[in-house]
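Okay, so here's the structure we're looking at.
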């Protein structure tokens, strides 16, 4: 995946990224025709991408836990936040201003 974010702000151990709208549309290609939404694997990938930027040069090694609260439509504004704390990064993904997913990721 190329850079998924249109804008990123990182301050200390916390980051916030706005997902490029055209990428969200691309990620639904071939998935759920007539009722498009982003697959959960892509949502995790977006959260991991921001986590790695916040915790650079560390890389995500594993998913400790992950939950999905609602479907993410490609036309919604998608915002990812991440906060690093030691070897863990807490991430959240919102779509259209509503919580959609969260994950705890372990760094290598």
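Could you compute the FRET efficiency for residue 66 and residue 18, with r as their C-beta to C-beta distance and R0 at 22 Å, rounded to 0.05? Efficiency, rounded to the nearest 0.05: 0.55.
Starting from the Cα-Cα distance between residue 41 and residue 25, subtract it from 0.36 nm times their residue separation and give me the gain in nm to one decimal. Present the calculation step by step, with values, prior to reporting the outcome.
Numbers: separation 16, 0.36 × 16 = 5.76 nm, distance 1.50 nm.
Additional length available on full extension: 4.3 nm.
Averaging the sequence gap over all C-alpha pairs within less than 8 Å and six or more residues apart, then dividing by the number of residues, gives segment 5-107 a relative contact order of 29 percent.
Extending 7 Å from Cα along the Cβ direction at residue 58 and again at residue 108 yields two label points whose distance is 1.4 nm. In summary, the convex hull built on the alpha carbon positions of the chain has an orientation-averaged projected area of 6.3 nm². Within segment 51-108, the ratio Rg/Rh, alpha carbon atoms throughout and Rh by Kirkwood, equals 1.01. With a Förster radius of 22 Å applied to the beta-carbon distance between residue 2 and residue 32, the computed FRET efficiency rounds to 0.45. Against the chain, whose longest principal axis is taken from its Cα atoms, helix 40-54 shows a tilt of about 30°.
FYI, it's all coordinate maths here, none of it is from the lab. Keep in mind it's a predicted model, so treat the numbers as computed, not measured. In this analysis, Cβ positions are derived from the backbone assuming ideal geometry, glycine residues included, and neighbour counts consider all displayed protein chains.
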